[in-house]
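The values are calculated or read from the model by the stated rules, or taken from the named source; none is laboratory data. Source: prediction; values computed, not measured. Positions of Cβ are generated from backbone atoms using ideal geometry, with glycine treated the same way; all protein chains shown enter the neighbour counts. For accessibility, only protein heavy atoms count, side chains too; no ligands or nucleic acids. Shrake-Rupley method; radii C 1.70, N 1.55, O 1.52, S 1.80 Å.
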Amino acid sequence: MAESLNFNEKFIKEQFEHQRNQLENERVENEILKDKHRKLEDRSRRNNLRIDGLNEDKKETWGQTEEKFILYHDIIIGMKKVKSGATKRREKAAAKEEIANHPKLTHFLKPLVKTRSDSIPTETTINSDCHYLNTRVESDRLICESTSNAITIPPIFLSDDPSEWPDNVSDAQRCDIVKRGFKKIEIDFPYNLERRRFSLNYYNRKMKNGEIFERTWLIYSLNSNKVFCFCCKLFGITSSPFRQGRNTWEGLSKKLKEHETCSAHFKCFKQWMTLRKGIANQATIDEKQQKLLHKERIFWRAVLERILDITLFLSARNLAFRGSDTAIGSKSNENFLGVFELLAKYDTVLNELMQRIQDKETKEHYLSNDTQNELIRFLAREIESKNLSKVKKAK
């Protein structure tokens, strides 16, 4: 019995060892076949690329051949890398997006929507058009010829839209916004994904006794389709939903009541009323600074009016705006800058702007190619609107 068991155990071990040796031989043969296949594939790929002077080793892989070719292409031959069409399109789209984010000139002009101003007289915002003296625009990008290292100063005047205001508003910006007040938007408000939208009823608060009070602090943003708390946006320091903007219209009435009864809103509202009263009575600490800001605003409005007149003059006569050079003072800058330079000799406003440019006191002048195109488009829309209204009245 013992001999029989020993014999079976010896037989099983022999069979197991035989199977293991067979598997190992097959694995070695597979590795050899894979290596041969890789060499044939590398040789086949290299045969598609033959360059005189580019030596290759029969044992090198395709990746090594590719690295050798790139080195030969960039260093030895010195060929210039050419951007692909997709790369050029991406860069062009990025440049257009960057230009689209610049402040629009429509901030200076009357909006098309019906608005009701706040109790304080409003004034149009002046935005910075950051183009420089002696600059040329090629492929939607500025190429500056000036070598001065000017420090970029944040604009004092902000947009009327609260979604474009920074989180930290300076004192000068806060005083300017409070003095201008804000416009209450009254339009056909858009729906959100849940088929809900803002309503004019939210501008008012109905008390338990039936009295209705206007929410003078509530402001709607056209750009972001959100509502903000005007005073909390300017004076608040907490992360209130109405300071960051709210566009969840479901349950908005309840959220408005909770916000206007909280202590943080009361504090900001009181600061707003105090500052507004001080500006109205000219009793603020920085009264002189406010007068300077008001004077500067009047100056830039006058500049914009003259630039609009130059645009209308050239467009009505179908004259070219730009020449081969876009630098101020150049003989090849064509009609727009040429008329500007001519008027600057006799007009005090444009002469003041020319002096600021020459003395490098300002970098904003609204004379760039992008500004010219924007003015032309805006004027074209206005003329088309006027003509359509005349046709409708004639019917």
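Using the Cβ-Cβ distance between I187 and K331 with R0 set to 41 Å, the FRET efficiency works out to roughly 0.25. Proximity of backbone amide H atoms, modeled 1.01 Å from N, is registered between R205 and F213, E214, R215 at under 5 Å, excluding neighbours fewer than 5 places apart on the same chain. What FRET efficiency comes out for S315 versus L200 if R0 is 41 angstrom and r is the Cβ-Cβ distance? Round to the nearest 0.05. Efficiency computed from Cβ-Cβ geometry: 0.60. Simple rule: put +1 on each Lys or Arg Cβ and -1 on each Asp or Glu Cβ in region 244-334, find the dipole, and look at N318, W249, C268; the Cα lying farthest toward the positive end is C268. Here the dipole of region 189-305 is about 200 debye; that uses its Cα centre as origin and unit charges on the Cβ of Lys and Arg (positive) and Asp and Glu (negative). In this simple spin-label model, placing a label point 7 Å from the Cα along the Cα-to-Cβ direction at both A394 and K254 gives a separation of 5.8 nm. Compute the FRET efficiency between A94 and R20 as 1/(1 + (r/R0)^6), taking r as their Cβ-Cβ distance and R0 = 56 Å, and round to the nearest 0.05. It comes to 0.35. Ligands, DNA and RNA aside, K183 has an accessible area near 50 Å² when probed at 1.4 Å. In the structure shown, the pairs K257/K295; K183/K386; K270/K291; K270/K363 are assessed against 30 Å; a Cα-Cα span above that value is assigned to K257/K295; K270/K363.
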